[in-house]
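Structure first, then comments.
Readers should treat all values here as calculations from the given coordinates under stated rules, not as data from a laboratory. This one's a predicted model, so the numbers in the text were calculated from it and none came from an experiment. Cβ placement follows ideal geometry from the backbone for every residue including glycine, while neighbour counts extend to all protein chains displayed.
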Amino acid sequence: MVDRTETAKPVPSRKPCLTAVLRMAGLRPTRQRIALAELLFGGPHRHVSAEELHGEALTAKVNVSLATIYNTLHQFHEAGLLREVPVDASRSYFDTDTSDHHHFYVEDEQRMIDIPAASVVFNTMPHPPKGMTVTHVDVVIRVRKQQG
Ligand SMILES: [Zn+2]
């Protein structure tokens, strides 16, 4: 095993940046919101359920209830920081990538995989109801591992 202690550099804190992001989204940067934003946005784009984020928060010693996690995720979603991808009536994933794209949902692993927007093409799309406009189209393609 390689000892990396000599080359390891301290990771710069993203707190000032996240505070600004929350303010720009119209959310007061409370300690809890900043802590959850660090968990959500501290790495590459990801998909997370409220239950998964709750587990990560407890591991990171961020003492929040599951209800607070739900509220915060919905506030972040309302503020445009997250995209909600519902997979069934009782389960949603929150995507840190808010750009247009679609998803595979791996049912037996409860995991989402991104599909680039351009990979899904519709031959026909119904016209939206009168006076309405399409905001975006979410496609979730459900997959599972092949047996054998
Ligand atoms: Zn995604």
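Things to note:
- The stretch between Met125 and Glu51 holds 23.2 nm of extra length on full extension. This uses 0.36 nm per residue minus the Cα-Cα distance.
- Contour excess over end-to-end distance, with Cα ends at Arg31 and His77 and 0.36 nm allotted per residue: 14.7 nm
- DSSP-defined antiparallel bridges as percent of all bridges, region 15-143, nearest 5: 75
- Here the sum of -39500 (n - 2.57) over DSSP H runs of 4 or more residues, divided by the residues of the chain, equals -9000 deg cm²/dmol at 222 nm, to the nearest 500.
- At an R0 of 22 angstrom, the distance between the Cβ atoms of Val64 and Gln110 translates into a FRET efficiency of 0.50.
- Electrostatic dipole magnitude of the chain [Cβ: Lys, Arg +1; Asp, Glu -1; Cα centre; debye, to 20]: 480
- Translational diffusion of the chain, estimated by Stokes-Einstein from the Kirkwood radius over alpha carbon pairs at 4 °C in a medium of 1.567 mPa s, is 73 µm² per second.
- The chain: relative contact order in percent, alpha carbon pairs under 8 Å with at least 6 residues between: 17
- For the chain, a Gaussian network of Cα nodes joined below 10 Å ranks Asp108, Asp100, Asp138 by mean-square fluctuation, and the top entry is Asp108.
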